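The values are calculated or read from the model by the stated rules, or taken from the named source; none is laboratory data. Everything numeric in this text was worked out from a predicted model, so none of it was measured. No Cβ is skipped: glycine too gets one built from the backbone with ideal geometry, and neighbour counts run over all protein chains shown.
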Amino acid sequence: MIDFLIKLTITLFVLLAVYYLFLEKEKMHLFNRFYLLFSLVFSFVVPFITIEVIQEIAKSTAVPANIQVLQGSTQIVEETNYLPIALWSLYALVTLILAIRFISNVIKISAKMKSNSPIAYKNAKLILVPEKTLPHTFLNSIFINETDYNNRNIEAELYTHELTHVTQKHTLDILFIEIIKTIFWFNPIFIFYKKAIQLNHEFLADEKVVTSYKNVPFYQSLLLSKANENQPFYLASNLNYLITKKRLLMMTKTTSTTRALVKKGLLIPLLTVLVFSLCTKVVAQEKKVVKAEQTKTQLTGMEKYFENTIFKIKDKNGTIVSEKKFNELTNLEKKNVPPPPPPATSKQDKNLKEAKGPTSVELSIYNKGDDKAYKVQDAKTVSPEKVRTNQSQTVYDIAGLTEKPEFPGGIVEFYKFVGENFQISKEASANKIKGKVYITFIVEKDGSITDTKILRDIGFNTGEEAERVIRLSPKWIPGKMNEEPVRTMYSLPITVQTAK
């Protein structure tokens, strides 16, 4: 709501300032009328316009998820904020009063129209009233004093002036701005808009009179002679609105066509700047930064292991029919590819973790179930005795899987499970500890958790407690390699912090 009001007020202020500085003094009243009305409508539309500008940013490095397990209790005390209630109550009260005032004036004018006999006059109706008043207009009715009408004391210029208000439907403009003022009474800028609209109506009516009778001095004297008479309803268009120097000077002013076109044309960039300055929303979008020298390091899992391997495809007779790289293999051929070695979990296996795949592998797609369906021709970087070829016992790294293991309900539910079951010892609470416990475990093919290990502890039995909670975990959805469940190594840092 605040954002809406700020954008609304800024747009209203800028457009009204442009009107006062560049348009009001020019003799292009019909354009100015629709400019003011358009400014009101446009200002209410702008806050609902959103132009998204996508800005690419470098993809951030993924950080392992962690949770905080806090010991202690928190008491939440709800307090009632009476300020918004008081402000909304004040707004409703003032709006109600102004709405009653607005409706009351409409009813009074309608009652006056019904209580007096109308007289048809061109495209309008003359309503003769007994009280002494200036001629004024509401919708298609022109209110004039009955005595002045019968004695023919009303000049033809005044009839033309009021008839212009009728034919150009100026009352609708006044009703429109008055309804907005009633709802947004707290914003004073609408007062200035109403004054500008009413003065523009008088410019239009004056222009019609001057064009029709071509006697400017007489008409100016006539307006000045009526300046001190009673004012009509504030909803009516009337003869005596702002008898100022502006109206008198405007009758003799001229504006060239070129000047008018230039000022109208300048409004297009103005509206464009307003829209883009108030409606533009920058949306960040990650972009993949790929460089030629980085391509190799971005490969993961089996693709990385077999990056430099040439697969020789043999037919049933043992003849090599084609040679392919790993990413060129079909799904059927990939199923015959030997699994990469498991990830290293100790210093002794460091050489295995950093190993690359063999330079050449022969595959026979006709012996899918045979463990000897492939033959390593040249495996210089990996010694065969360290490679576990029994696929049922292979433990995969999470990065090389086609489907990663997942806790039922997602990782957020897993964090919630750990937080609800983690118990901090009294000794840990007393020492106000804060740190991370690093734990690894294997998600089996059936989703069960095995082989939990604490890689780093912060003492006070936090490691043992983390291990206990992980073992309590319900079964996960296992990881998969080519749609087959596999054993997966999973690691998790847990941030432990006692209450302050």
| note | Exactly one of ASN431, ASN461 is over 39 Å from the mean Cα position of the chain (by Cα) and free of Cβ contacts under 8 Å to residues at least 40 places away in the same chain, and that residue is ASN461
| the stretch 165-212: number of residues that are in contact with a Leu (Cβ under 8 Å, 6 or more places away or on another chain) and of a type in the set (Val, Ile, Thr) | 8
| message | With the condition being touching a Leu at 6+ places or on another chain (Cβ under 7 Å) and surrounded by 17 or more Cβ atoms within 10 Å (Cβ to Cβ), I'd like the strands (runs of 3 or more DSSP E) fully within the stretch 111-156 carrying at least 1 qualifying residues. | response | 124-129, 136-138, 141-145
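Take the conditions at pLDDT below 85, more than 28 Å from PRO358 (Cβ to Cβ) and in contact with a Leu (Cβ under 7 Å, 6 or more places away or on another chain) and apply them to TYR438. Does it pass?
Numbers: at pLDDT below 85: yes; more than 28 Å from PRO358 (Cβ to Cβ): yes; in contact with a Leu (Cβ under 7 Å, 6 or more places away or on another chain): yes.
Here the answer is yes, as TYR438 does meet what is asked.
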| request: Hey, can you tell me all the residues within the stretch 445-488 that are closer than 10 Å to PRO405 by Cβ and surrounded by 19 or more Cβ atoms within 10 Å (Cβ to Cβ)? | output: TRP476, PRO478, GLY479, VAL486, ARG487, THR488
| field | Pairs with Cβ under 6 Å, 6+ apart, first in the stretch 27-44 and without any contact (Cβ under 8 Å) to a residue 40 or more places away in the chain, second of a type in the set (Ser, Thr, Tyr) and part of a helix (DSSP H, G or I) | value | SER43/THR11
| query | Do you know which of the residues in the stretch 157-186 that are in a loop (DSSP other than H, G, I, E, B) and surrounded by 15 or more Cβ atoms within 10 Å (Cβ to Cβ) is farthest from the chain's Cα centre (by Cα)? | reply | GLN168
| Residue list for the stretch 452-500, restricted to those being part of a strand (DSSP E or B), farther than 23 Å from LYS426 by Cβ and hydroxyl-bearing (Ser, Thr, Tyr) | THR452, THR488, TYR490, SER491
| request: Go through the stretch 109-147 and give me each residue that's closer than 19 Å to HIS201 by Cβ, polar (S, T, N, Q) and within 51 Å of the chain's Cα centre (by Cα). | output: ASN123, THR137, ASN140, SER141
